[in-house]
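Take a look at the structure below.
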Amino acid sequence: MRGLQKKIAGHLLGLIATILIGGFLSASLVRLAPGFEVDERELDPHLSAQSLQALRDSRRQDENIFHFYLHYLSQAARGDFGKSVALGQPVRTLLRDRAPLTMRLIAIGLTLSWSLTVTFALSAAWLRLSIYDTATTMLSGVFLCIPAAVLALLSVLWNVPGSLAIALIVFPGTYRYTRNLSLKAYAQPHILAARAKGLSEARILFWHVVPVVAPQLLAVAGVSVSMAIGATIPVEALCGFAGIGQLAWQAAMARDLPLLVNITVLVTLVTLLANSGADVIGSVIRGQEA
């Protein structure tokens, strides 16, 4: 129990440090990117000289990245995440309104992806048919070669749910690892002994294979969350879904520093929580098996 507590504490410290560093690096990259000082709104001929000067002054406040980030952290500690430069709305409101759609897309996409992964990987290891194994491996390779943006466009052209596009983007990465784990588990001596004793394939699968691969699959599941989050950006941007992925795309195009920093911190937080949760649960499972 003490070892588990130390692991959780280590994950929490790493999470806080990574979020702080990630937010600062995100702000620095945006600030140093070419064209940050350019604001398309200055091209509006209807703006007065005072309005143009106000726009330039608002940009000038973000020139010192250290000052901006410290000011951002002090505001965030009070629950104020700033205001979007491009959209003119509080960042907190934008994230709150758009998060449910993105979470639903990610949840459905991961469910579909892992359903395909587990079905194909375990059946390939169970059946041990070279033709079937080759066909499923080639299928995952095809989707691995198709860019995420192309799958998002195809989902629009064929009028299929965007969550399916996310599932097909994540599927190749999870399938290959799960397949290799399953094949390795089926090759263990105790599996051969179980078959020699006449145990059914279903009992071998659920009692001798799944418990062996479960901790490693939990680690892959944590990584697949970050893969799904990355897939939501092209899917939402190209499919017209008003989620956080589309918001990130709009913020990047507008060089919206407050919005980009908050999205980076949010994505980092979700990714680390998923990976840390998978690691802790895996440790608990391994401890129970020991």
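Side notes on the structure shown:
- Residues of the range 119-145 satisfying the condition of being among the β-branched types (Val, Ile, Thr) and over 29 Å from Leu238 (Cα atoms): Thr119, Ile131, Thr134
- Any hit, the range 194-208, residues being of a type in the set (Phe, Trp, Tyr), part of a helix (DSSP H, G or I) and farther than 29 Å from Ala27 by Cα: yes
- Residue count for the range 78-98, restricted to those that are modelled with pLDDT of 85 or more and either within 12 Å of Ile263 (Cα to Cα) or surrounded by 15 or more Cβ atoms within 10 Å (Cβ to Cβ) (or both): 11
- Tally of residues being at pLDDT below 90 and either in contact with a Leu (Cβ under 9 Å, 6 or more places away or on another chain) or acidic (Asp, Glu) (or both) across the range 105-119: 1
- The single condition from (1) more than 19 Å from the chain's Cα centre (by Cα); (2) in a helix (DSSP H, G or I) that Phe171 fails is (1).
- Residue within the range 235-257 that is surrounded by fewer than 20 Cβ atoms within 10 Å (Cβ to Cβ) and out of contact with any helix residue (DSSP H, G or I) (no Cβ under 9 Å at 6 or more places or on another chain) present: yes
Table: residues versus (1) of a type in the set (A, V, I, L, M); (2) in contact with a helix residue (DSSP H, G or I) (Cβ under 6 Å, 6 or more places away or on another chain); (3) buried (at least 18 other Cβ atoms within 10 Å of the Cβ).
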position: Val170; (1), (2), (3): yes, yes, yes
position: Arg179; (1), (2), (3): no, yes, yes
position: Ser182; (1), (2), (3): no, yes, yes
position: Pro189; (1), (2), (3): no, no, no
position: Lys197; (1), (2), (3): no, no, no
position: Phe206; (1), (2), (3): no, no, no
position: Ala219; (1), (2), (3): yes, yes, no
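Residues checked against (1) over 27 Å from the mean Cα position of the chain (by Cα); (2) modelled with pLDDT under 85:
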site	(1), (2)
Thr137	no, no
Gly141	no, no
Ile146	no, no
Leu157	no, no
Tyr175	no, no
Ala194	yes, yes
Ala202	yes, yes
Val213	no, yes
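- Unique residue being touching a helix residue (DSSP H, G or I) at 6+ places or on another chain (Cβ under 8 Å), of a type in the set (S, T, N, Q) and free of Cβ contacts under 8 Å to residues at least 24 places away in the same chain when the list is Ser123, Ser130, Ser84: Ser123
The values are calculated or read from the model by the stated rules, or taken from the named source; none is laboratory data. Model, not experiment: these values are computed from the prediction. When we count neighbours, we look across all protein chains shown, and the Cβ atoms used for this are built from the backbone with ideal geometry, even at glycine.
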